[in-house]
Amino acid sequence: MTEPSALDLQAWLRSPLGQRVYALERKLAGEALAQVFGWQLLQIGQWGDDDGLMAEARTQRKTVLAWHGARLTGAASAIRSRTDSLAIQSDSVDAVLLPHTLEYEPEPHEIVREVGRILSAEGHLIVFGFRPFSSWGLRHWFAKNGFPPGMERLIGEGRLRDWLKLLGFEIVDSRRYLFSLPFSASSPSSQRFFERSGNYLWPMFAGGYLIKARKRVYTLTPIRPRWRLRPKVVGGLIEPSTPRNANRM
């Protein structure tokens, strides 16, 4: 993401509509991270003014890898790296959070591949995304500079699931949210009603989704060779075989 796009995004996240999205995603992130433990949690992509999405995480360390490398006041320690070739050791991270990161990067599939490389065995990946076939998706298609600002594309939930399965991930949880229209004019009471009822009444109209996946590591089970000749076992001892010709002597 370029510096102007990042600044436009931060300005949008401070707007009433952006604050509504951020507050809801912060709540969902806290719930998704409640059962994630370990040493290191990495958030790829700056989303919000601080590390609020990781506030409820139970890992020992929390780090932000920012798109544009700018460290914001009060944020967790930010590092700079190409997102499609992360300068991070393989199998060294316990959990990764992608808050709409795939929708802003030119090579989203490569980012997922890199996440699979740096995650430790049984490590977790949490992804936020906007659904293309929704009112939020329609506003994105008709916006001049994308919606939210700077967004390059929307990645469908099914497409992301296919990527994850091909890379050996197991989907352990998924949520849908943003059932209200993508405008700030709606009242807070109507917004709360839509969010509470949406999952039960109209789940297909959700504007956003969360997917939580786990990196699975499959070990090979050694196969014992099949012997053609099996000695007789008597009382735990091997009875030596007797040649047939010996009985004739």
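The values are calculated or read from the model by the stated rules, or taken from the named source; none is laboratory data. Keep in mind it's a predicted model, so treat the numbers as computed, not measured. In this analysis, Cβ positions are derived from the backbone assuming ideal geometry, glycine residues included, and neighbour counts consider all displayed protein chains. Keep in mind that these areas ignore ligands, DNA and RNA; they rest on the heavy atoms of the full protein, side chains included. Shrake-Rupley method; radii C 1.70, N 1.55, O 1.52, S 1.80 Å.
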Item checked: Restraint check, Lys62/Lys144; Lys144/Lys212; Lys62/Lys165, Cα-Cα greater than 29 Å -> Lys62/Lys144; Lys144/Lys212
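Just subtract the alpha-carbon distance of Gln19 and Arg58 from 0.36 nm times their residue separation and send over the number in nm, one decimal. Spell out each step's value before the answer.
Numbers: separation 39, 0.36 × 39 = 14.04 nm, distance 2.43 nm.
11.6 nm is the gain from fully extending Gln19 to Arg58.
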Margin query: So, taking all protein chains as they sit and a 1.4 Å probe, how much accessible area belongs to Arg176, in Å² rounded to tens?
Written below: 70
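Carbon-plus-sulfur fraction of the accessible area of segment 85-162, 1.4 Å probe, in percent?
Details: 1610 of 3140 Å².
Ligands and nucleic acids excluded, carbon and sulfur reach 51 percent.
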Margin query: From the phi angles alone, apply the Karplus equation (6.51, -1.76, 1.60; θ = phi - 60°) to segment 151-162 and give each ³J(HN,Hα) in whole Hz, x where the residue is Gly or Pro.
Written below: 5, 8, 7, 10, 10, x, 4, x, 5, 5, 4, 5
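Of the peptides 92-102, 131-141, how do they stack up when ordered by the mean number of other Cβ atoms within 10 Å, highest first? The partial results should precede the final answer.
Details: 92-102: 24.0, 131-141: 17.4.
Answer by packing, highest mean first, reads 92-102, 131-141.
Just to confirm, what accessible area per residue do you get for segment 85-184 at 1.4 Å probe, in whole Å²?
On the way: 4270 Å² over 100 residues.
Ligands and nucleic acids excluded, the figure is 43 Å² per residue.
Probe radius 1.4 Å, ligands and nucleic acids ignored: give me the carbon and sulfur share of the accessible area of segment 12-63 as a rounded percent.
50
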Check: Using a Förster distance of 35 Å, how high is the FRET efficiency between Asp91 and Arg159, based on the Cβ-Cβ distance and rounded to 0.05?
Finding: 0.85
